[in-house]
Amino acid sequence: MSVLPPRPRLESTLDGALAHRLTVLVADAGFGKTTLLSSWSAGINAVVYPVTGEDRDLTAFWRGLVAPLRRHRGGLPELPVTVVRGPASAHGEGVRAQAMAELLGQVLEERLSRDLVLVLDAAHLVGEGPPARLLAGLARHAPPLLHLVLST
């Protein structure tokens, strides 16, 4: 494994994420996005979630996303997977994803007392289904102190 040199200019640019609700980092595979985000996030109040192909399932994505936030914040309550029950259809899952995003946004609004960056590394792996709707909903319902950084 090769070690990439420090990239203070890129890390300084990423510091701008604290002034925005959503920041997207785009680069081809192998350009060091994960290394850059790991280095940068270590120096700030951040939670890094490495998205995998399993996160194309709404329940798996919800559990995966909420678990590191609960560990980091400590005060987050248990957040139910079954936020909204509805018909087992793509439309029903989309509605459920939106409800999950609203719930998480509300809970974080109540609990955050300082800026928190939520980094989703390889966010493109959620695909285009309900998990993507959850992510889009979270970007819309994020409280002012939550900053999303997506790498793709």
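For the range 99-149, take the alpha-carbon Rg, divide it by the Kirkwood Rh, and send me Rg/Rh.
Checking Rg against Rh, the ratio lands at 0.98.
For the chain, what is the mean residue ellipticity at 222 nm derived from helices alone (per DSSP H run of n ≥ 4: -39500 (n - 2.57); sum divided by total residues; nearest 500 deg cm²/dmol)? Mind dumping the intermediate values first?
Working: 5 runs with 67 residues, N = 152.
Taken over the chain, the calculation gives -14000 deg cm²/dmol.
If one takes the longest principal axis of the Cα atoms in the chain, at what angle in degrees, from 0 to 90 and to the nearest 10, does the Cα axis of helix 58-73 lie?
The two axes meet at around 60 degrees.
On full extension of the chain, what length is gained from residue 34 through residue 20, given 0.36 nm per residue of separation minus the C-alpha to C-alpha distance?
Here the answer is 3.0 nm.
Could you tell me how many degrees, from 0 to 90 and to the nearest 10, lie between the Cα long axis of helix 90-111 and the main elongation axis, the longest principal axis, of the Cα atoms of the chain?
It is inclined by approximately 60 degrees.
Considering amide H positions built from the backbone, and no H for Pro or chain starts, which residues 5 or more places from residue 120, or on another chain, come under 5 Å of its amide H?
49, 149, 150, 151
Picking from 123, 27, 97, which is most flexible by a Gaussian network model of the chain using Cα springs under 10 Å?
Its mean-square fluctuation being the largest, the pick is 27.
Bear in mind that the values in this text are calculations on the coordinates, not laboratory data. No experiment lies behind these values; they were computed from the predicted model shown.
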